[in-house]
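S.K.: Before anything else, here's the structure in question.
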Amino acid sequence: MDDKCDAQRGARRRAVVSSVTSNALEFYDSTVYAFFAIYFAGHFFPAEDTLTSQIYAYFVFGISYLVRPLGGILLSIYADKIGRKPLIVLLMLIMGFTTGAIGLLPTYAQIGIAAPLLLIAMRLLQAVAVGGLFSSTTAFLMEYAPAERRGFYASMQMVAQALSPVLANIVALSLLYLVGRDAVIEVWWRLPFLIGFLTVPLGYYVHKYVSESPDFKRYTQQASKQTAQQVAPPLSMSQTLRQRTILRQIICCMGIITVGTVSFFGVTIYLPGYVQTLLGLADIQRTWLALTAPACAAFGVLSGGFFSDSIGRKRTLQASVLLYAMAFFGLFFYFSFGHASYGFALFGFAILGFCMGLHWGAVPILLAESFPIQVRATAISIPYNLTVVLFGAMTPTYLKLLERMFGSTPYNVLLYIGASIVLSLAASVFWQPAVKETRMA
């Protein structure tokens, strides 16, 4: 019995460590583009001025999100039919090769228009892979977890996402300190992408030493027995997803996720630049701000996962959204109308990141328990990817539209963030689990 328990603990430990590490590297692969676009834009999109080149580079970043929902749904269907582990390995290989390939691409000066076309192709492949990553690993971790610690285990997925911008910022800071901005623009922008090749050997490790989730194994065995015994065929995946209860859960989950995806793009991407302009900070100082929030978010994620097990999913979610609202509005008003300093900005980003992480930590298990195991990965993928595209990645666009409507005012950001908070709180009221919630004794 002891040997069996030790084997189970070992398998669970390998699953968690490999999932967190691979997710951190894979989301690093997808975020490093956004961090370094300002440096390599001119090599692929030469223009009369730097701003135009950067606009083209970020446009490529934006359009890649358009294929993310479709890719995520199709890949998650594969995860629900064949298994979580094979898909995770496939995604790791795709992300590793495509990210490393960006670091090796010839520039526009070398091969002309083929350079940006190859860059776009790599970004589209990355977007497809990332689209299926969240749902598959969330289901994988939840199904590996002890019943009373599902929330904590599922939150590991978001720890990985929080670590990805931390890794990207550490690489950016290291290069800025060691070789300087001009050298990064010249050639050293390639190094962060080449680091992406590390995902490939890790994918081999998962393939060789990590087993499929125990819950999915049991489900496939039971499904095979039931199919052999019954005359009527089981419901297809499309039929299952069209059920009213599943559709209701998908819509509800989209509302719940909104504040999380808006906070990621708003706090880690928009707010550091806003504070840099407001306080007249250097690039290195802005990078430290961008590093502080996700680093502290990682601790918030683990806390959110723990509290979701101890006091319940819905209570943790609602409390985290309210704390995030207080932190964001308080910090934003102080920056806009007070006399903030760089030191206070670092402290404020730490508090904001932790509160943001509390929500991130409660979301994965809430999504996983919203759907039955036979469609779990696919059903998670639909609200997650659609919400990221419609509300997260579109955050800069919506802010520009608000600026056109109401002029250049900080209240535009408050209006958009406030709307996401209200929507998530309202959706949480109507959420009900499809899988029985187990709390720690």
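S.K.: In the range 102-123, is there at least one residue being out of contact with any helix residue (DSSP H, G or I) (no Cβ under 6 Å at 6 or more places or on another chain) and of a type in the set (D, E, K, R)?
M.R.: Scanning the range 102-123 turns up no residue that is out of contact with any helix residue (DSSP H, G or I) (no Cβ under 6 Å at 6 or more places or on another chain) and of a type in the set (D, E, K, R).
S.K.: Can you find a residue in the range 424-433 that is modelled with pLDDT under 85, closer than 16 Å to L366 by Cβ, surrounded by 15 or more Cβ atoms within 10 Å (Cβ to Cβ) and not hydroxyl-bearing (S, T, Y)?
M.R.: Yes.
S.K.: Cβ-Cβ below 6 Å, separation at least six or inter-chain, first residue in the range 237-251 and under 14 Å from P383 (Cα atoms), second modelled with pLDDT of 70 or more and among the polar types (S, T, N, Q): which pairs?
M.R.: Qualifying pairs under 6 Å: Q249/S370.
S.K.: Additional query: Give the residue, chosen from A24, A57, that is buried (at least 19 other Cβ atoms within 10 Å of the Cβ), free of Cβ contacts under 8 Å to residues at least 24 places away in the same chain and assigned to a helix (DSSP H, G or I).
M.R.: From the options A24, A57, the qualifying one is A57.
Conditions tested, residue by residue: (1) over 30 Å from L175 (Cβ atoms); (2) not small (G, A, S).
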| position | (1), (2) |
| --- | --- |
| L278 | no, yes |
| A295 | no, no |
| L322 | yes, yes |
| F332 | yes, yes |
| M356 | no, yes |
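S.K.: Given the criteria at pLDDT 85 or above, under 26 Å from T137 (Cα atoms) and touching a Cys at 6+ places or on another chain (Cβ under 7 Å), does L358 qualify?
M.R.: So L358 does not fit the description; no.
S.K.: Right, another one. Output yes when any residue across the range 318-326 is in contact with a helix residue (DSSP H, G or I) (Cβ under 8 Å, 6 or more places away or on another chain), of a type in the set (S, T, Y), modelled with pLDDT of 90 or more and closer than 26 Å to Y28 by Cα, and no when none is.
M.R.: Yes, some residue in the range 318-326 is in contact with a helix residue (DSSP H, G or I) (Cβ under 8 Å, 6 or more places away or on another chain), of a type in the set (S, T, Y), modelled with pLDDT of 90 or more and closer than 26 Å to Y28 by Cα.
S.K.: If you check S370 against the conditions, is it touching a helix residue (DSSP H, G or I) at 6+ places or on another chain (Cβ under 9 Å), of a type in the set (S, T, Y) and within 22 Å of F140 (Cα to Cα)? Lay out the reasoning, then the answer.
M.R.: Details: touching a helix residue (DSSP H, G or I) at 6+ places or on another chain (Cβ under 9 Å): yes; of a type in the set (S, T, Y): yes; within 22 Å of F140 (Cα to Cα): yes.
Answer is yes for this residue.
S.K.: Separate question: Taking the conditions exactly as written (surrounded by fewer than 23 Cβ atoms within 10 Å (Cβ to Cβ), in contact (Cβ under 8 Å) with a residue 40 or more places away in the chain and hydrophobic (A, V, I, L, M, F, W, C)), does A147 satisfy them or not? Before the answer, list the steps.
M.R.: Numbers: surrounded by fewer than 23 Cβ atoms within 10 Å (Cβ to Cβ): yes; in contact (Cβ under 8 Å) with a residue 40 or more places away in the chain: yes; hydrophobic (A, V, I, L, M, F, W, C): yes.
Spelling it out, A147 is indeed surrounded by fewer than 23 Cβ atoms within 10 Å (Cβ to Cβ), in contact (Cβ under 8 Å) with a residue 40 or more places away in the chain and hydrophobic (A, V, I, L, M, F, W, C).
S.K.: Only one of (1) surrounded by 16 or more Cβ atoms within 10 Å (Cβ to Cβ); (2) touching a residue at least 60 places away in the same chain (Cβ under 8 Å) fails for I38. Which number is that?
M.R.: The failed condition is (2).
S.K.: Next question, about the same structure. So, I269, is that one assigned to a helix (DSSP H, G or I), surrounded by fewer than 17 Cβ atoms within 10 Å (Cβ to Cβ), among the aliphatic types (A, V, I, L, M) and at pLDDT below 85 or not?
M.R.: On the way: assigned to a helix (DSSP H, G or I): yes; surrounded by fewer than 17 Cβ atoms within 10 Å (Cβ to Cβ): no; among the aliphatic types (A, V, I, L, M): yes; at pLDDT below 85: yes.
Considered against the rule, which asks whether it is assigned to a helix (DSSP H, G or I), surrounded by fewer than 17 Cβ atoms within 10 Å (Cβ to Cβ), among the aliphatic types (A, V, I, L, M) and at pLDDT below 85, I269 comes out as no.
S.K.: If you don't mind, there's one more thing I want to ask. If the Cβ limit is 7 Å and pairs must be 6+ apart or interchain, which residue in the range 327-347 that is without any contact (Cβ under 8 Å) to a residue 24 or more places away in the chain pairs with which residue that is in a helix (DSSP H, G or I)?
M.R.: Taking only residues 6 or more apart or on different chains, the pairs are L331/G348; L331/L352.
S.K.: A further question follows. Which condition does G418 not pass, out of (1) part of a helix (DSSP H, G or I); (2) buried (at least 23 other Cβ atoms within 10 Å of the Cβ), if it passes all the others?
M.R.: With respect to (1) part of a helix (DSSP H, G or I); (2) buried (at least 23 other Cβ atoms within 10 Å of the Cβ), G418 is out only on (2).
S.K.: Here's a check for you: in the range 188-223, which residue that is in a helix (DSSP H, G or I) and aliphatic (A, V, I, L, M) is nearest to I373 (Cα to Cα)?
M.R.: So the first thing to find is which residues in the range 188-223 are in a helix (DSSP H, G or I), and the list is 188, 190-209, 214-223.
Now narrow it down to the ones that are aliphatic (A, V, I, L, M): 191, 194-195, 198, 200, 202, 206, 223.
Numbers: L191: 40, L194: 37, I195: 35, L198: 32, V200: 29, L202: 27, V206: 22, A223: 11 Å.
The qualifying residue nearest to I373 (Cα to Cα) is A223.
S.K.: Let me ask something else. State whether one or more residues within the range 277-287 are in contact with a Gly (Cβ under 9 Å, 6 or more places away or on another chain), assigned to a helix (DSSP H, G or I) and either at pLDDT 90 or above or buried (at least 17 other Cβ atoms within 10 Å of the Cβ) (or both).
M.R.: The answer is yes; a qualifying residue exists.
S.K.: Are there any pairs, at least 6 apart or on different chains, whose C-beta atoms fall under 7 Å, with the first in the range 201-220 and in contact (Cβ under 8 Å) with a residue 60 or more places away in the chain and under 18 Å from D80 (Cα atoms) and the second surrounded by 15 or more Cβ atoms within 10 Å (Cβ to Cβ) and of a type in the set (D, E), and if so, which?
M.R.: From residues that are in contact (Cβ under 8 Å) with a residue 60 or more places away in the chain and under 18 Å from D80 (Cα atoms), the pairs are S213/E143; P214/E143; D215/E143; F216/E143.
S.K.: Given A11, A37, which one is among the small types (G, A, S), farther than 19 Å from G132 by Cα and modelled with pLDDT of 80 or more?
M.R.: Testing whether each residue is among the small types (G, A, S), farther than 19 Å from G132 by Cα and modelled with pLDDT of 80 or more leaves just A37.
S.K.: If you go through the range 97-126 one residue at a time, how many are farther than 18 Å from G42 by Cβ and either free of Cβ contacts under 8 Å to residues at least 12 places away in the same chain or of a type in the set (G, A, S) (or both)?
M.R.: Residues meeting the conditions: 3.
The values are calculated or read from the model by the stated rules, or taken from the named source; none is laboratory data. Quick caveat: nothing in here was measured; it's all calculated off a predicted structure. Positions of Cβ are backbone-derived with ideal geometry, glycine not excepted, and every protein chain shown enters the neighbour counts.
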